[in-house]
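*Asks:* Input: one structure, supplied below.
The values are calculated or read from the model by the stated rules, or taken from the named source; none is laboratory data. Because the structure is predicted, anything quoted here is derived from the model rather than measured. Cβ coordinates were reconstructed from backbone atoms using ideal geometry, including for glycine residues, and neighbour counts include every protein chain displayed. Heavy atoms of the whole protein, side chains included, go into the accessibility calculation; ligands, DNA and RNA do not. Shrake-Rupley method; radii C 1.70, N 1.55, O 1.52, S 1.80 Å.
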Amino acid sequence: RNLGFSIYDGPEIETDEFCFQRLNVPSDHPAREMQDSIYINEPEFLLRTQTSSIEARLLAQEKPPFKAAFPGRVYRNEKVTKSNHFIFHQYQGVAVDQNMTLKDLLGVFNILFTNLYGKDVKVRYRCKYYPEVEPGVGLDLQCFNCHGDGCPVCKGAGWMEMGGAGIIHPKVLSMAGIDPTKWRGFAFGLGLDRWVMAKYQIK
């Protein structure tokens with residue numbers, strides 16, 4: 001709210017249209033297999049696999065410019081480990097305006113990381129593919145438990161993946177009836193459970 005974001009919400013039982021199609025994930029896209037969806041009535045109704053579905057609804061319902069954030073539960077058919085669960089929480093954010101750039105997105109992250117973990121926090125940004133954004137960014141926090149050496153909490157990597165983000169794909173804007181030649185935006189989805197784990201050093 002201090003950065004001008006409104007709070008938004010959406011349904012946990014979602015349709016294929018808003019969970020996948022409106023986020024540039026067609027029925028034959030391999031990203032669907034990676035999300036291990038839990039269907040209520042295949043292929044139409046499922047438990048949402050990502051809070052990006054709320055973003056898809058926001059884009060379809062509101063007229064830009066806007067900034068909104070939305071925490072929520074998501075569900076995937078995954079094995080429970082020290083860093084994963086079949087029920088977990090994400091924190092999604094989206095901003096659409098006429099002159100949005102990747103610099104605006106990274107500025108938001110810098111504020112989030114330093115406010116939560118202090119000025120000496122160690123973060124890295126990687127190029128990453130997500131169908132709903134282009135370019136895509138993966139953001140990692142140095143593991144609070146091993147400080148980069150590798151351990152079970154970070155799966156030996158030394159870093160914890162904290163979420164994904166990027167500039168909203170023009171197709172996603174077009175499907176929502178927003179002119180991508182006039183408007184640009186960024187979106188991010190954060191693994192809220194991991195942000196809390198790192199804040200309170202929960203192993």
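*Asks:* State whether the residues of the range 45-64 include one that is of a type outside the set (S, T, Y), in contact with a helix residue (DSSP H, G or I) (Cβ under 7 Å, 6 or more places away or on another chain) and part of a strand (DSSP E or B).
*Replies:* There is at least one residue in the range 45-64 that is of a type outside the set (S, T, Y), in contact with a helix residue (DSSP H, G or I) (Cβ under 7 Å, 6 or more places away or on another chain) and part of a strand (DSSP E or B).
*Asks:* Continuing with the same structure: Being within 23 Å of E55 (Cα to Cα) and in a helix (DSSP H, G or I) is the filter; apply it to the range 177-203 and report the residue that is nearest to the chain's Cα centre (by Cα). Reasoning before the result, please.
*Replies:* As a first pass, look at the range 177-203 and keep what is within 23 Å of E55 (Cα to Cα): 177-196.
Next cut, in a helix (DSSP H, G or I) only: 192-196.
Values: L192: 10, D193: 13, R194: 13, W195: 13, V196: 16 Å.
Filtering first and then ranking leaves L192.
*Asks:* Another question, then. Considering only the range 55-73, how many residues are surrounded by 17 or more Cβ atoms within 10 Å (Cβ to Cβ) and over 17 Å from R32 (Cα atoms)? Give the derivation first.
*Replies:* From the range 55-73, those surrounded by 17 or more Cβ atoms within 10 Å (Cβ to Cβ) are 55-59, 64, 66-70, 72; that's our starting set.
Imposing the further condition that a residue be over 17 Å from R32 (Cα atoms) reduces the set to 55, 57-59, 64, 66-70, 72.
Looking only at that region, the number is 11.
*Asks:* Give the range 141-160 a look and list any residue that's in contact with a Phe, Trp or Tyr (Cβ under 9 Å, 6 or more places away or on another chain) and surrounded by fewer than 17 Cβ atoms within 10 Å (Cβ to Cβ), or say none.
*Replies:* G148 - this is the single residue of the range 141-160 that is in contact with a Phe, Trp or Tyr (Cβ under 9 Å, 6 or more places away or on another chain) and surrounded by fewer than 17 Cβ atoms within 10 Å (Cβ to Cβ).
*Asks:* When the range 1-24 is examined, which residues are found to be open to solvent by less than 50 Å² (accessible area, probe 1.4 Å) and either farther than 19 Å from E42 by Cβ or assigned to a helix (DSSP H, G or I) (or both)?
*Replies:* Those that are open to solvent by less than 50 Å² (accessible area, probe 1.4 Å) and either farther than 19 Å from E42 by Cβ or assigned to a helix (DSSP H, G or I) (or both): G4, F5, Y8, G10, D16, F18, C19, L23, N24.
*Asks:* Sticking with this structure for a sec: What pairs can you find where one residue is in the range 71-100 and in a loop (DSSP other than H, G, I, E, B), the other is modelled with pLDDT of 95 or more and basic (K, R), and their Cβ atoms are less than 8 Å apart, with a gap of 6+ or different chains?
*Replies:* Listed pairs, sorted by first residue: Q98/K182; Q98/R184; N99/R184; M100/R184.
*Asks:* Let me ask you something else. If you go through the range 25-34, how many residues are surrounded by fewer than 20 Cβ atoms within 10 Å (Cβ to Cβ), in a loop (DSSP other than H, G, I, E, B) and touching a residue at least 40 places away in the same chain (Cβ under 8 Å)? Before you say what the answer is, go through the steps one by one.
*Replies:* Step one: filter the range 25-34 for residues surrounded by fewer than 20 Cβ atoms within 10 Å (Cβ to Cβ), giving 26-34.
Narrowing further to those that are in a loop (DSSP other than H, G, I, E, B): 26-30.
Narrowing the set further to residues that are touching a residue at least 40 places away in the same chain (Cβ under 8 Å) leaves 29.
Qualifying residue count, the range 25-34: 1.
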